[in-house]
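Notes for the one structure printed next.
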Amino acid sequence: MKLIIAIVSNDDSTAVNTNLTENGFMVTRLATTGGFLRAGNTTFLIGTEDKNVEKVIELIKEESSRRTEIVPATATFNINQYAAYPVEVQVGGATIFVLDVEQFIKA
């Protein structure tokens with residue numbers, strides 16, 4: 001038994017959720033916030049048999065696309081002097097963890 005933890009952008013979360021549930025996987029969704037951009041994410045918790053892990057990962061990848069966005073960044077020159085320069089960053093995609101589960105109980 002495995003626990004898959006998948007962190008995806010809020011922009012992709014509805015499509016990921018739909019793709020997983022339409023393929024028979026039960027998911028728990030958690031609202032989370034990323035540390036780097038402080039942007040909203042969704043963390044999915046999916047318990048599944050070992051044989052289904054690759055299928056779940058593929059379903060997540062199908063709906064979570066990487067893209068480039070321009071975000072403002074602040075550079076400090078001296079005290080009280082700031083200049084904002086836009087910075088290109090990669091957003092989207094998915095961060096996926098697969099953990100062994102000793103016991104899975106659905107009560």
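A short reminder: the numbers here are calculations on the coordinates, not readings from a lab. Since the model is a prediction, treat every value here as computed from it, not as a measurement. Here the Cβ positions follow ideal geometry from the backbone for every residue, glycine too, while neighbour counts run over all protein chains shown.
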Item checked: Contour excess over end-to-end distance, with Cα ends at ILE70 and ASN23 and 0.36 nm allotted per residue -> 13.5 nm
Note to self: For SER65, what residues show an amide H to amide H distance below 5 Å, using hydrogens built from the backbone and excluding near sequence neighbours?
What the structure shows: GLY93
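May I ask you to sort ILE57, ILE70, ILE46 by Cβ crowding, counting other Cβ atoms within 10 Å and putting the fewest first?
Values: ILE57 16, ILE70 9, ILE46 22.
By the 10 Å Cβ count, ascending: ILE70, ILE57, ILE46.
If neighbour count is taken as other Cβ atoms inside 10 Å, put ASP50, ASP12 in order from fewest to most.
On the way: ASP50 11, ASP12 22.
With the sparsest Cβ surroundings first, the list reads ASP50, ASP12.
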